[in-house]
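Report on the structure given below.
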Amino acid sequence: MASLPFTTPKFSHFKLSKTIKSFNSNEPIHLTQLNGTTRNHHTLYKSYFHTISSLCKDGEIQQAVDLLTEMDSKNLSVGPEIYGEILQGCVYERDLFTGQQIHAQVLKHGAFFARNEYIETKLVIFYAKCGAFDVANNLFSRLRVKNVFSWAAIIGVKCRIGLNEEALMGFSEMQENGFLPDNFVVPNALKACGALLWLGYGKGVHGHVVKVGFDGCVFVASSLIDMYGKCGALEDARKVFDAMIERNVIAWNSMIVGYMQNGMNEQAIGVFHEMRMEGVEPSQVSVSSFLSASANLGAIGEGKQGHAIAVLHGFELDSILGSSVLNFYSKVGLIDDADLVFDKMLEKDVVTWNLIISSYLQSGLIDEALDMCHLMRSENLRFDCVTLSSILTAAANSSNIKLGKEGHCYCIRNSLQSDVVVASSIVDMYAKCGRIDYAGHVFSSTTTKDIILWNTLLAAYANVGHSGEALKLFYQMQLESVPPNVASWNSVILGFIRNSQLNEAKEFFSQMQLLGVHPNLITWTTLITGLSHNGFHDEALQVFQEMQESGIKPNTVSISSALSACTNVTSLQHGRAIHGYAIRHDLGSQISVSTALVDMYAKCGCLSRAKRVFDHISSNELPVYNAMISAYALHGQAGEALAVYKNLKEAGIEPDGITFTSVLSACSHTGLVNEGLEIFIEMASKHHLSPSMEHYGCVVSLLSRSGRLDEAFRLILTMPYEPDAHIIGQLIAKCREHNEIELVEHLSKYLLELEPDNSGNYVAISNAYATAGRWDDVSEIRDLMKEKGLKKSPGCSWIQIGEKLHSFIAGDGSHPNTEDIQATLALLGIDMKSSA
């Protein structure tokens with residue numbers, strides 16, 4: 001800020017008899033022995049003034065005060081400008097205590113000093129700069145004469161403490177009183193506009209800047225860029241930036257930060273590179289913003305370059321830059337690098353610790369995150385709301401209710417449970433740990449509830465299928481004047497779906513649209529997935545089409561669910577259309593989509609297309625291998641399935657239970673008994689996987705299909721599970737083929753106990769007896785079915801022609817083209833007989 005004008009008064013003559021010592025000396029500085037005969041008072045006063053001024057600028061406030069005391073002891077008159085210099089020195093050092101002592105001396109000297117405009121202004125500036133707002137504001141209100149300097153001070157302090165509206169009121173009042181804001185006041189006004197997002201007011205200030213010719217000031221232009229950036233007007237910010245004749249690093253930083261804060265990360269990185277090309281040396285703010293933009297884009301190369309620039313420029317990894325580097329490595333998943341940065345940081349505040357803890361949690365390293373929490377406490381740092389939320393998230397993700405309760409207790413002891421963010425984390429933790437009752441209790445005891453807390457409990461009820469409770473809470477929040485948002489609607493729809501209430505979910509979805517609430521990607525995906533998983537495959541495909549018509553682009557989850565629907569109705573036409581969409585939108589290479597495509601093509605009879613999808617995936621992962629092995633197994637190509645299994649192992653990918661189910665199934669369908677048994681043994685011995693009931697079922701099928709019924713039966717008796725109806729049923733079916741009727745008699749009793757109301761079991765047993773010619777037993781089984789009111793479920797098949805799906809049920813002649821179909825079948829039968 002420009003210096004306040006002050007004319008040094010003239011005094012009587014005195015003599016200077018002692019020279020001034022070095023200002024760096026620790027000894028007291030004595031300037032004078034008074035001698036009015038040889039030196040005039042004016043020269044002596046000027047010497048004192050310049051010495052005190054130099055000391056203040058060098059930060060030697062105490063020595064300046066000592067000289068002031070010396071002047072008093074020698075009865076030298078002290079003018080207002082000396083007090084002003086010392087007050088200015090206190091401003092430089094933010095030395096509130098010393099400044100208050102000077103203020104006391106001013107008051108002691110009476111009204112001449114205390115009511116001096118220069119001193120009054122300096123005091124306002126001093127208290128404002130030292131953060132004593134109440135004192136500064138009180139002094140400002142009592143000023144007899146307000147000038148541009150006092151207005152600048154009070155507007156500046158109001159901006160710094162967040163009283164932005166008051167700052168702008170002062171800006172307007174200043175002009176009404178005839179004072180023109182200078183290039184120190186204008187940036188504060190722009191800062192307030194940015195904080196309040198008052199774009200219109202900011203543009204008005206911009207107009208004042210152009211009118212008075214401040215647009216050539218780098219400081220003002222940088223403030224304009226910053227204001228427009230905070231208000232989201234990036235085009236206006238760029239216009240100001242491009243019009244600048246001279247740009248310093250602050251202007252470049254303002255443009256980079258503006259782009260980054262508005263999600264325009266590529267542009268932020270572009271401006272950073274422009275700055276480097278212009279030869280402007282980046283500051284720590286430049287590098288921090290560049291790293292944040294790189295982290296948001298997942299741009300590993302650029303982020304590492306930013307870290308290298310920081311190292312080359314010798315920037316210390318303080319809490320700001322260090323946190324930016326740490327945040328970058330965390331977001332891109334390079335947790336080891338994040339660890340190294342954390343260890344090298346000179347300053348570690350709570351924010352830094354929270355970042356590293358969050359990094360571990362994002363990488364699924366819950367134990368490491370908790371270890372960091374213990375280390376943080378050992379450094380005598382208190383957990384804040386963010387730390388507690390991280391701990392509670394760790395407890396939720398690991399279902400560790402003991403840890404969650406410890407975190408909850410810490411919140412209560414430190415009065416943090418009333419924080420809505422913490423309360424939401426506690427509710428979420430109890431819900432994910434299976435204690436929905438505790439979650440409800442925490443919710444009820446929280447006095448201040450925001451939309452996030454309401455939605456947290458709504459989601460908790462929805463995830464466990466408590467649709468009634470979710471709906472009740474949905475209406476309750478509206479009674480308490482909390483309007484639901486789209487996330488609230490999504491939770492209720494999910495609750496209905498989890499409770500298999502598909503009609504209610506569809507009705508709620510329609511109601512949502514009628515009330516003008518626009519479904520988002522999550523809404524559409526939830527409904528499509530729910531319909532597909534609950535057997536409403538045609539409706540799932542219809543909703544998928546409506547989603548695209550509404551302008552919402554499907555994601556990998558919605559595409560995978562739609563492909564699953566195609567698979568279940570063997571709708572190859574729809575499946576190919578969805579595949580085309582995925583390719584056009586660069587989603588075809590995503591693992592979940594590729595897996596669903598392989599499965600869809602295989603189950604729709606196009607094994608070659610399934611293999612083509614598999615072969616075109618650049619980074620094959622386990623789910624895709626499993627889908628391809630299953631595809632070959634489904635088509636009876638065990639050799640190819642085993643080849644893919646071998647490739648999987650050669651690629652260093654560890655197989656899982658699904659892999660072995662598919663391989664064993666392939667061996668079972670093609671009679672590769674020895675290979676299948678070898679793989680079954682290998683599962684436990686080499687891969688340390690415990691076989692499940694499904695794996696034992698595959699081996700039972702493998703043995704029984706090859707006629708080794710006794711071995712299959714012994715395996716059932718020795719396996720660590722109680723056999724289910726599926727395993728018993730398939731063994732009975734093979735006993736029928738090999739006429740092992742005694743084993744059928746033994747197994748049938750057990751099967752009917754397991755599933756007494758399954759008509760298929762009765763039919764399988766009856767067919768086994770019929771094959772053996774035991775017609776009395778057949779009649780007995782049939783009579784038993786009649787007593788229970790059971791009927792054989794008719795077989796069903798379907799075929800898609802064009803966009804229409806034609807279904808055929810055994811014994812049903814309702815199809816409009818039945819006569820033509822029967823005639824065609826008769827002709828085919830004649831041709832088959834004649835060629836036999």
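I'd like to know which of ASN534, VAL598, LEU587 lies farthest towards the positive end of the charge dipole of the stretch 519-618, counting +1 on Cβ of Lys and Arg and -1 on Cβ of Asp and Glu.
Comparing the listed Cα positions along the dipole, VAL598 ranks first.
Counting alpha carbon pairs within less than 8 Å and at least 6 residues apart, what relative contact order, in whole percent, applies to the chain?
On the way: 1094 pairs, mean separation 24.8, N = 836.
Computed value for the chain: 3 percent relative contact order.
Among VAL106, SER289, GLN476, whose Cα projects farthest towards the positive end of the dipole of the chain, with charges put on the beta-carbon of Lys, Arg (+1) and Asp, Glu (-1)?
So the residue furthest toward the plus end is VAL106.
Considering only the other residues whose Cβ falls under 13 Å of the Cβ of LEU717, what net charge follows from Lys and Arg at +1 and Asp and Glu at -1?
On the way: positive: ARG714; negative: ASP710, GLU711, GLU722.
Net charge in that neighbourhood comes out at -2.
Among all the aspartates and glutamates, which ones have a C-alpha under 20 Å from LYS405's C-alpha, if same-chain residues fewer than 8 places away are not counted?
Within the straight-line cut-off, LYS405 pairs with ASP367, GLU368, ASP371, ASP384, ASP419, ASP428, ASP437.
Roughly how many Å² is the accessible area per residue of the chain, as a whole number, for a 1.4 Å probe?
On the way: 41730 Å² over 836 residues.
Using a 1.4 Å probe on heavy atoms only, each residue of the chain averages 50 Å².
Beyond 34 Å, what percent of the Cα pairs of the chain remain? Please list the in-between numbers first.
Working: 251272 of 349030 pairs.
Counting every Cα pair in the chain, those more than 34 Å apart make up 72 percent.
Filter the GluC sites (Glu not before Pro) in the stretch 237-289 to those in DSSP coil with at most 10 other Cβ atoms within 10 Å of their Cβ, and list the result. Don't skip to the end; give the middle numbers.
On the way: sites: GLU246, GLU266, GLU274, GLU278; in loops: GLU246, GLU278.
Passing sites in the stretch 237-289 are GLU246, GLU278.
If you keep only loop residues by DSSP, which trypsin sites (Lys or Arg not before Pro) in the stretch 357-465 have at most 14 other Cβ atoms within 10 Å of their Cβ? The partial results should precede the final answer.
Details: sites: ARG377, ARG382, LYS402, LYS405, ARG413, LYS432, ARG435, LYS449; in loops: ARG382, ARG435, LYS449.
Counting only loop positions with at most 14 other Cβ atoms within 10 Å, the trypsin sites (Lys or Arg not before Pro) in the stretch 357-465 are ARG382.
Assigning unit charges at the beta carbon (Lys, Arg +1; Asp, Glu -1) and nothing else, what dipole magnitude in debye, to the nearest 20, does the stretch 619-794 show about its Cα centre? Let's see the in-between values first.
Details: 15 positive and 25 negative charges, 73 e Å.
Roughly 360 debye, rounded to the nearest 20.
Quick one: dipole size for the chain, taken about the Cα centre, charges +1 on Lys/Arg Cβ and -1 on Asp/Glu Cβ, in debye to the nearest 20.
On the way: 65 positive and 88 negative charges, 547 e Å.
The calculation lands at about 2620 debye.
Please report, as a whole percent, how much of the solvent-accessible surface of the chain comes from carbon and sulfur atoms (probe radius 1.4 Å).
Values: 21740 of 41730 Å².
C and S atoms contribute 52 percent here.
May I ask for the Rg/Rh ratio of the stretch 264-334, computed from Cα atoms with Rh as the Kirkwood radius, given to two decimals?
Details: Rg = 11.0 Å, Rh = 11.8 Å.
Reported Rg/Rh (Cα atoms, Kirkwood Rh): 0.93.
What number comes out for the charge environment of PHE614, summing +1 per Lys or Arg and -1 per Asp or Glu over other residues with Cβ under 12 Å away? Write out the running numbers ahead of the final one.
Values: positive: ARG609, LYS611, ARG612; negative: ASP599, ASP615, GLU621, GLU640.
So the surrounding residues net to -1.
Please work out how many pairs of lysine residues in the stretch 142-264 are eight or more positions apart (or on different chains) and have Cα atoms closer than 17 angstrom. Show your work: numbers first, answer last.
Details: LYS146/LYS158; LYS158/LYS191; LYS191/LYS203; LYS191/LYS230; LYS203/LYS211; LYS203/LYS230; LYS203/LYS239; LYS230/LYS239.
Taking the Cα cut-off of 17 Å, the pair count is 8.
What's the local net charge at SER363, with K and R +1, D and E -1, over the other residues with C-beta under 13 Å away? Write out the running numbers ahead of the final one.
Working: positive: LYS331; negative: ASP336, ASP337, ASP339, ASP367, GLU368.
Cβ neighbours under 13 Å give a net charge of -4.
Restricting attention to the stretch 93-158, which chymotrypsin sites (Phe, Trp or Tyr not before Pro) occupy a DSSP loop and are surrounded by at most 12 other Cβ atoms within 10 Å? Intermediate results must be reported in sequence, preceding the final value.
Working: sites: PHE97, PHE112, PHE113, TYR118, PHE126, TYR127, PHE133, PHE140, PHE149, TRP151; in loops: none.
The qualifying sites: there are none.
The values are calculated or read from the model by the stated rules, or taken from the named source; none is laboratory data. Just so it is clear, the structure is predicted and the values come from calculations on it, not from any experiment. Glycine gets a Cβ as well: all are built from the backbone with ideal geometry, and neighbour counts include every protein chain shown. Surface areas here come from the heavy atoms of the whole protein model, side chains and all, with no ligands, DNA or RNA. Shrake-Rupley method; radii C 1.70, N 1.55, O 1.52, S 1.80 Å.
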